[in-house]
1. Who wins for biggest fluctuation among Leu22, Leu73, Leu111 in a Gaussian network model of the chain, springs between alpha carbons below 10 Å?
2. Divide by every residue of the chain the summed helix terms, -39500 (n - 2.57) for each DSSP H run of at least 4, and state the resulting mean residue ellipticity at 222 nm, rounded to the nearest 500 deg cm²/dmol.
3. Rounding to the nearest 20 debye, state how big the charge dipole of the chain is about its Cα centre with +1 on each Lys and Arg Cβ and -1 on each Asp and Glu Cβ.
4. Fully extended, how many nm does the chain gain between Ser130 and Ile82 (0.36 nm per residue separation, minus their Cα-Cα distance)?
5. Post the alpha-carbon centroid distance, the range 146-163 to the range 4-78, in whole angstrom.
6. Please give me the summed charge of the neighbours of Val53: other residues whose Cβ is under 11 Å from its Cβ, Lys and Arg +1, Asp and Glu -1.
7. Name all residues of the range 82-123 having a backbone nitrogen under 19 Å from the label point set 7 Å from the Cα of His148 along its Cα→Cβ direction, giving them as ranges.
8. Which residue, Val98, Val44, Val113, tops the fluctuation ranking in a GNM of the chain built on C-alpha contacts under 10 Å?
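FYI, it's all coordinate maths here, none of it is from the lab. Model, not experiment: these values are computed from the prediction. Cβ coordinates were reconstructed from backbone atoms using ideal geometry, including for glycine residues, and neighbour counts include every protein chain displayed.
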Amino acid sequence: MIRALFPHPILAAGVFATSVLLSGAFNPPSIALAALLAVLAPQVMRALDLQRVRVRAPLAILQLAGLVAVDVLRSNWAVATIILAGRKRERTSGFIHVPLDLKDRYALAVLAVILTATPGTLWVEYDSASGRLLLHVLDLVDEEAWVHLIKDRYERRLREIFE
């Protein structure tokens with residue numbers, strides 16, 4: 001009975017807490033609305049028929065998060081330098097193809113978020129048939145260095161976590 005009402009209990013709890021906090025009022029109507037949303041939102045997710053996520057190496061998540069944080073800070077600095085330098089420094093932006101071995105859709109989604117959230121890079125397209133990622137890089141100096149960075153720094157850890 002509980003599992004039928006709350007197929008995704010963490011989502012239900014998150015929706016409830018978010019709704020109560022966003023309403024800013026701890027009165028019965030706000031709590032009732034939050035409870036209703038907490039019951040309905042997981043039902044929508046059930047309709048999507050999502051696969052369960054299997055995390056194989058939870059500690060690797062912390063390691064990956066640390067690397068991403070460092071890379072985002074480093075990229076922010078690099079992009080700020082490019083913008084502030086203006087035309088003084090030549091830069092070459094471009095597209096590169098990165099062959100990926102990742103097959104897990106959640107791992108691919110996390111990689112897309114990482115690359116798009118990192119200033120100076122943008123996930124453009126992924127061809128699932130060939131496993132090739134098209135990536136735009138703001139300051140493309142060495143294409144092989146980018147391929148190496150993505151495969152060794154991110155993909156390897158994502159495979160460890162998800163596959």
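1. Most flexible of the set in this elastic network: Leu22.
2. On the way: 7 runs with 95 residues, N = 163.
Computed mean residue ellipticity for the chain: -18500 deg cm²/dmol.
3. Numbers: 18 positive and 15 negative charges, 74 e Å.
Using only the charged Cβ atoms, the result is roughly 360 debye.
4. Working: separation 48, 0.36 × 48 = 17.28 nm, distance 3.36 nm.
Roughly 13.9 nm would be gained on extension.
5. 25
6. Values: positive: Arg52, Arg54, Arg56, Arg105; negative: Asp104.
After counting each charged neighbour, the total is +3.
7. Hits in the range 82-123 for His148 at 19 Å: 96-101.
8. Sorting by GNM fluctuation, first place goes to Val44.
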